[in-house]
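I have placed the structure first, in the form of structure tokens, so that the comments after it can refer back to it.
The values are calculated or read from the model by the stated rules, or taken from the named source; none is laboratory data. Bear in mind the structure is a predicted one, so any value in this text is a computation, not a measurement. Neighbour counts are summed over all protein chains in view; Cβ atoms, including those assigned to glycine, are modelled from backbone coordinates with ideal geometry. Please note that ligands, DNA and RNA were not included when accessible areas were found on the heavy atoms of the full protein model with its side chains. Shrake-Rupley method; radii C 1.70, N 1.55, O 1.52, S 1.80 Å.
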Amino acid sequence: MSDQTPKQAADSRRDFLKHSAVAGSTLAAMSVPQYVHAAGADETIRVGLVGCGGRGTQAAEQALKAEPNARLVAMGDAFLDRAKYSRDELAAKRSVRDQVNVPDEMVFADFDNFKHVTDAVDVVLLATPPHFRPEHFRYAVEQGKHCFVEKPVAVDAPGVRHVMESCQMAEEKGLSVVSGLCWRYAPPVRAVMQQILEEGLIGDVVAVESHYNSGELWHRGDKSDWSRMEYQMRNWLYYTWLSGDHIAEQAIHSLDKCAWLFGDAAPTQVMSIGGRQQRTAEKYGNVYDHFTVFYDFPSGQKAFFTCRQQDGCSKVVNERVLGTKGQASILDGHFIVDGNGKEIWRYKGPKPNMWQQEHIEMFQALRDGKVINNGHYMCNSTMMSVAGRMAGYTGQTLDWETCLNDTERLGPAEYAWTDVPEPPVAMPGRTKLAGTVAQG
């Protein structure tokens, strides 16, 4: 049992986390300082969750499983009922219940909940609808907190640029930024990428055929006492200003693997076709239910991408990579064939939970005094999804700089529980880019 006073314990924790925050690449190879493991030192890592939906609740559970000394001490959501439900769900889980210490006074709601949570913790998990990510992430970085940042990181170009700046600030402060683009942490995907990008088993990558074709998702319904702001936020998947549309909110995973295959370079040009055929009812807001996007990259490489959320249709989530010497399947079997179609490599190793792996590596880096910063690729892949949506909504072929420099900020100027207007559904050929001049 520790002989430290509560104040001494708190000071020990701050010293440890301060060390972790300033440890850059120079210190990464050094051993963990002795005082981190000194007898009586308080090694508790205070964790907070902002955004208490299903994904956020899972992320909190995974964070606690990854680090025995982590304690969930603060939670926040726009809706108090959602935050308390998540808290109680986690407190009931045998695997982490002893690490959940969130009394009612540490459960925060409304639009400023993220500040209260961030102020109370050492590591913050950001899992709200992505519209709010830029503001929440910036605040966490300004307060010197390590972050787990769910995908996508924004819903529009101004938001992406804002997050890019925050990532640079985090790097300068030595703060870890771990992205929720979970396939980057999946051992089978890492292994096949290594064979393609480092071992050159298929030669030079020429093109990628990528798909995220799935079915419809949940809808929370409506209640007579909900304002239209509350209705839209509780059904945030169906509003572009909140989700970025499903090409950003869900299918970004596939676009991220495409970017990975091309060295995380930005495409030069985007052409997209999209619309809504099944989800045409008013309750589905203004998002589309399908996109087909063609991305051109600087080296002449191309990505041919589809995504849809339609029931009764074939489901496929995979990338087929075409190279000068063969082909590879990234998800479906994790295999590589040569130019004659003969299998020459297949992943046969372990397949741990990739969502769990993200948190294992985040907390291990924190303990080792190392820094993870996934900022570049999480911003680049988010912008790829936004550009694909912009091209689809307008029906225009767009260059990357036009998309990245767009000035339109989606969403209301102020957040309040009022009857915000219903945003219109984009019509290709009629919808214009509000913040730039479209390139034909």
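Screening the range 292-319 for residues that are in a loop (DSSP other than H, G, I, E, B) and open to solvent by 60 Å² or more (accessible area, probe 1.4 Å) and picking the one that is farthest from W400 (Cα to Cα) gives G312. Whenever a residue of the range 260-271 is farther than 15 Å from A391 by Cα, its partners that are polar (S, T, N, Q) and assigned to a loop (DSSP other than H, G, I, E, B), lying with C-beta atoms within less than 6 angstrom and at least six residues away or across chains, give the pairs F262/Q301. The set of residues in the range 101-155 being over 23 Å from M229 (Cα atoms), aromatic (F, W, Y) and assigned to a helix (DSSP H, G or I) consists of Y139 alone.
Every condition in (1) touching a residue at least 60 places away in the same chain (Cβ under 8 Å); (2) more than 30 Å from A434 (Cα to Cα); (3) surrounded by fewer than 24 Cβ atoms within 10 Å (Cβ to Cβ) is met by V100 except one, and the failing one is (1).
Kindly indicate whether any position in the range 253-260 is in contact with a Phe, Trp or Tyr (Cβ under 6 Å, 6 or more places away or on another chain), of a type outside the set (D, E, K, R), open to solvent by less than 10 Å² (accessible area, probe 1.4 Å) and within 28 Å of S314 (Cβ to Cβ). For the range 253-260, residues in contact with a Phe, Trp or Tyr (Cβ under 6 Å, 6 or more places away or on another chain), of a type outside the set (D, E, K, R), open to solvent by less than 10 Å² (accessible area, probe 1.4 Å) and within 28 Å of S314 (Cβ to Cβ): present. Looking at M75, is it modelled with pLDDT of 95 or more, hydrophobic (A, V, I, L, M, F, W, C), buried (at least 23 other Cβ atoms within 10 Å of the Cβ) and under 16 Å from V47 (Cβ atoms)? In short, yes. Residues considered: T402, T431, T418. Of these, the only one that is in a loop (DSSP other than H, G, I, E, B), under 29 Å from F294 (Cα atoms) and of a type in the set (S, T, N, Q) is T431. Per the conditions (1) crowded, with 20+ Cβ neighbours inside 10 Å; (2) touching an Asp or Glu at 6+ places or on another chain (Cβ under 7 Å), the sole criterion not satisfied by Q278 is (1).
Can you tell me which residue in the range 176-210 is surrounded by the fewest Cβ atoms within 10 Å (Cβ to Cβ), limited to those that are within 17 Å of H376 (Cβ to Cβ) and touching a Lys or Arg at 6+ places or on another chain (Cβ under 7 Å)? My answer is W183. Among the criteria (1) more than 20 Å from A259 (Cα to Cα); (2) touching a residue at least 60 places away in the same chain (Cβ under 8 Å); (3) acidic (D, E), the one D156 does not fulfil is (1).
Is there a residue being of a type in the set (D, E) and open to solvent by less than 20 Å² (accessible area, probe 1.4 Å) anywhere in the range 148-160? Within the range 148-160, one or more residues are of a type in the set (D, E) and open to solvent by less than 20 Å² (accessible area, probe 1.4 Å). Screening A391, A426, A416, A387 for residues that are in contact (Cβ under 8 Å) with a residue 12 or more places away in the chain, surrounded by fewer than 18 Cβ atoms within 10 Å (Cβ to Cβ) and either over 18 Å from G244 (Cβ atoms) or among the aliphatic types (A, V, I, L, M) (or both) leaves exactly one candidate, A416. In the range 320-346, the residues that are open to solvent by 70 Å² or more (accessible area, probe 1.4 Å) reach residues that are among the charged types (D, E, K, R) and part of a strand (DSSP E or B) with C-beta atoms within less than 6 angstrom, at least six apart or across chains, in these pairs: R320/E209; I344/D338.
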